[in-house]
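Participant: Please find one structure pasted underneath; my questions will follow.
The values are calculated or read from the model by the stated rules, or taken from the named source; none is laboratory data. Since the model is a prediction, treat every value here as computed from it, not as a measurement. Here the Cβ positions follow ideal geometry from the backbone for every residue, glycine too, while neighbour counts run over all protein chains shown. All accessible areas refer to the heavy atoms of the entire protein, side chains included, with ligands and DNA or RNA removed. Shrake-Rupley method; radii C 1.70, N 1.55, O 1.52, S 1.80 Å.
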Amino acid sequence: MAYPTLSGKESISVVECTTVFFLLVAIVAALREGGKWLTPQKFWENIKTPNVHWLSAKNSLPWQQIGLSYFAGGMGAWVYYGSTEMGANTRLSWWGVFGYSVGSAAPALILIYIAPTIKEFVGDKNGFSVTDFALSRFGRSTQLVAAFVSVMYMFISLCAEISTIANVATLFSGDSAYTREVVLGSVTMITLLYTVLCGLPASVVTDRLQGIMITGFMLFFSIFLLASNPVDAAEMRAVSKSTTSGFVVMITLILAVISSELFNAGQWQRVYAAKSTADLRKGLALGASLIFFVMWFFGILGVVAAAKYRDDFDNFDKFHYLAFFYLAESLDKGWHVLILIFATSLCVSSVDSIQNGLTSVLYRDILNYGLPVNAVRVVCAALNIGAIFVAVEKIDVLSLFLMVDLVCAIAAPALYLGLIRTDINTFIVAPTEFGTLMGVVCGSLAVIVQGVVLELDGAWTDAYGAVFSNKDDPYAAPPLVHRAWGAFGNFWLPDGTVIEGGGLQAFGGKRTMLTFILAIIFSAFGSMFFSWLDVYFRGERARQPLITIKGDRTGLEDHEEETA
């Protein structure tokens, strides 16, 4: 059965009904507090003047809920395209699938190690997001940098999520601008409504339901999808390859995804919501395991698609990123409705986490300075409207994703080296705020200098999302969009190799991998070197924040008071 199989109205109805279902679940969950039903007046008071539990669900969730919530928040409708595209491309194959799966699960494993230390250092009163560690450990300047990187990453993620569900809906119903715009607006606004009304605790309830749905659907659906697309062992062996490009993409994806997810404020909220350190660690381990197996499952489907449609992919009659939908094309209309319901659930699970994360960046200052919560809600709503605009205009999100991943890779080492809080010796000192900021500068300069050495003219993206350093490149498909001038084009990661169709396959170039490695190394080295210089010239004054605002408190001050 060839696409489209649904009408525009049917696609819209499926998406809206699924999203409204989670809205109702969230409202019901918000009406329960301490095992009792709230009165309408009490519910309205919680909305107008939310308490800390409403904002963050602090220290309240057992490991099972942490695991399912982290899992659901980390998934999204993009999984239909991500590792599936890797598996379908024989140039990347299993290395690409493994890299995407490990990269997606690895941030949770890293948090198992570092999150309890950060949570204890920041303290229950001050902890809501990754930016609170930046403020507690270094100061206001570093907090602003971390907030900028975190919000930029989450905004691009939001754009990607709603764009993806709109793409899936229009694939099933035909490329209708009306369908696309209604789906974009419905998912974003309905999800924002229950995020604003019900807070994080209710969102966690929807995460649990979505996590169970995602796992159950994957197991149930795999039987029918694989049964309807039989391939033999010889066909699988023919497309199962170990290539240098695949290995390169594995390394690059792991570095990129880990760096960016460390700035995902939505996932950091799960850290502060865990009931205990044991619950936190077990929950993160559960979330990482579920994420890995879901990504691996979709990667297997990609390899199956490569085996079945090998000639079509080789001749560019079919596109790797649509591999999942080629396998599902032969299924009946009812299955396509289920796929759309599943895609909407994936999208909503990610979007509500992002929306909560966007607001959490400012929670600490709101409570410390008595600022109105509605101001944050207005900012979050404005960002969501901006994301709808980006998606409606079909602005290329993937190239923005690559760029923001690189920015996160520059900032992450400088920030998280702050876990070193005491001098190791005369030369290896605890990072200072000046050193941390200089680490970000050094990482950025490494990317720019590489662009100078490569003699880049800038960066242009074509119709398929591929990034080129020369607007006259014969392989670029018009229309081209100018992204950056000169060596600054290296931030857009123009790989310099011809990669069919652009997309996630752009991660496959050695130059891209080298850019990430240089950014991480120079960020870390710059942070430590300039911290040593800072302490050498300024002494103990170097340990203090560069900028302070009346009422600011650091984790160091809180620890001194607790031990006094």
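Participant: Among LEU338, PHE525, ALA542, which residue has its Cα furthest toward the positive end of the charge dipole of the chain, with +1 on Lys/Arg Cβ and -1 on Asp/Glu Cβ?
Facilitator: The one lying farthest along the dipole's positive direction is ALA542.
Participant: Over the chain, what is the percentage of antiparallel beta bridges among all DSSP beta bridges, to the nearest 5? Don't jump to the answer; show the numbers that get you there.
Facilitator: On the way: 8 of 9 bridges.
So the antiparallel bridges amount to about 90 percent of the total.
Participant: Here is a follow-up. Mind ranking 67-74, 292-299, 248-255, 381-388 by how tightly packed they are, going by the mean number of other C-beta atoms within 10 angstrom, highest first?
Facilitator: 67-74, 248-255, 292-299, 381-388
Participant: Express the Stokes-Einstein translational diffusion coefficient of the chain in µm² s⁻¹, to the nearest whole number, given a Kirkwood radius over alpha-carbon pairs, 37 °C and a viscosity of 0.692 mPa s.
Facilitator: Roughly 135 µm²/s, to the nearest whole number.
Participant: Let me ask something else. Post the alpha-carbon centroid distance, segment 1-63 to segment 91-148, in whole angstrom.
Facilitator: 26 Å
Participant: Continuing with this model, one more query. Out of the total accessible area of segment 442-484 (probe 1.4 Å, heavy atoms of protein only), what percent is carbon and sulfur? Write down the numbers at each step before the final one.
Facilitator: On the way: 1280 of 2280 Å².
Carbon and sulfur together cover 56 percent of it.
Participant: OK, next. Have a look at LEU109, ALA77, THR49 and report the one farthest towards the positive end of the charge dipole of segment 40-150, computed about the Cα centre with Cβ charges (Lys/Arg +1, Asp/Glu -1).
Facilitator: Most positive-ward Cα: THR49.
Participant: Moving on to the next point. With just the Cα atoms of segment 292-372, tell me how far they stretch along each of the three principal axes, in Å, largest first.
Facilitator: 63, 29, 24
Participant: Quick one: putting +1 on the C-beta of Lys and Arg, -1 on the C-beta of Asp and Glu, what dipole do you get for the chain around its Cα centre, in Debye to the nearest 20? Walk me through the numbers on the way to the answer.
Facilitator: Details: 36 positive and 44 negative charges, 227 e Å.
Rounded to the nearest 20 debye, it is 1100 debye.
Participant: When Lys and Arg each count +1 and Asp and Glu each count -1, what net charge do the other residues less than 13 Å away from GLU540, Cβ to Cβ, add up to? Walk me through the intermediate numbers first.
Facilitator: Values: positive: ARG538, ARG541, ARG543; negative: ASP423, ASP534.
Every neighbour counted, the sum reads +1.
Participant: If you don't mind, there's one more thing I want to ask. For a quick check of understanding: with a 1.4 angstrom probe and all protein chains in place, what accessible area in square angstrom does PHE488 have, to the nearest ten?
Facilitator: Roughly 120 Å² of PHE488 is accessible to a 1.4 Å probe.
Participant: Just add up the charged neighbours of TRP460: K/R +1, D/E -1, any other residue whose Cβ is under 10 Å from the Cβ of TRP460. Display every interim value, and only then the final one.
Facilitator: Working: positive: LYS471, ARG483; negative: ASP457, ASP462, ASP472, ASP473.
Surrounding charge for TRP460 is -2.
Participant: Can you give me the relative contact order of segment 335-476 as a percent, contacts being Cα pairs under 8 Å and 6 or more apart? Working shown, then result.
Facilitator: Details: 61 pairs, mean separation 19.4, N = 142.
Reported relative contact order: 14 percent.
Participant: Using a 1.4 angstrom probe with every protein chain in place, what is the largest-first accessible-area order of TYR153, TYR536, TYR321, TYR3? Mind dumping the intermediate values first?
Facilitator: On the way: TYR153 15, TYR536 150, TYR321 100, TYR3 50 Å².
The most accessible residue leads, giving TYR536, TYR321, TYR3, TYR153.
Participant: Roughly how many nanometres apart are two label points built 7 Å out from the Cα toward the Cβ at ARG377 and ARG511?
Facilitator: 4.9 nm
Participant: Same structure again: What is the diffusion coefficient of segment 35-103 in µm²/s, taking the Kirkwood radius over Cα pairs and the Stokes-Einstein relation at 20 °C with a viscosity of 1.002 mPa s?
Facilitator: Working: Rh = 15.8 Å.
Value of D from the Cα-based Kirkwood radius: 136 µm²/s.
Participant: Below 8 Å between Cα atoms, with a sequence gap of 6+, how large is the relative contact order for the chain in percent? Kindly include the intermediate steps, with their values, before the conclusion.
Facilitator: Details: 1022 pairs, mean separation 145.8, N = 564.
After rounding, I find 26 percent.
Participant: Can you give me the accessible area per residue for the chain, using a 1.4 Å probe, in Å²? Numbers along the way, then the final one.
Facilitator: On the way: 22290 Å² over 564 residues.
Solvent-accessible surface per residue comes out at 40 Å².
Participant: Provide PHE316, PHE434, PHE172 ordered by accessible surface of protein heavy atoms (probe 1.4 Å), highest first.
Facilitator: The residues order as PHE316, PHE434, PHE172, largest area first.
Participant: Rounded to the nearest 10 Å², what accessible area does LEU192 have for a 1.4 Å probe in the complete protein model?
Facilitator: 20 Å²
Participant: Got a number for carbon plus sulfur as a percent of segment 31-150's accessible area, 1.4 Å probe?
Facilitator: On the way: 2730 of 4180 Å².
Carbon and sulfur together cover 65 percent of it.
Participant: Could you report the accessible area of ILE165 in Å², rounded to 10, computed with a 1.4 Å probe on the protein chains as they sit in the structure?
Facilitator: Ignoring ligands and nucleic acids, ILE165 comes out at about 0 Å².
Participant: May I ask you to list the lysines whose Cα is less than 24 Å away from that of LYS9, ignoring any residue fewer than eight positions away on the same chain?
Facilitator: Hits, sequence-local ones excluded: LYS333, LYS394.
Participant: Here's another thing I want to ask about it. Which log10 I(q)/I(0) values, to two decimals, does segment 60-190 give at q = 0.10, 0.16, 0.18, 0.19 Å⁻¹ under the Debye formula with one point per Cα?
Facilitator: Each listed q corresponds, in turn, to -0.50, -1.07, -1.18, -1.21.
Participant: In whole Å, how far is the Cα centre of segment 419-489 from that of segment 156-198?
Facilitator: Segment 419-489 and segment 156-198 have Cα centres separated by 31 Å.
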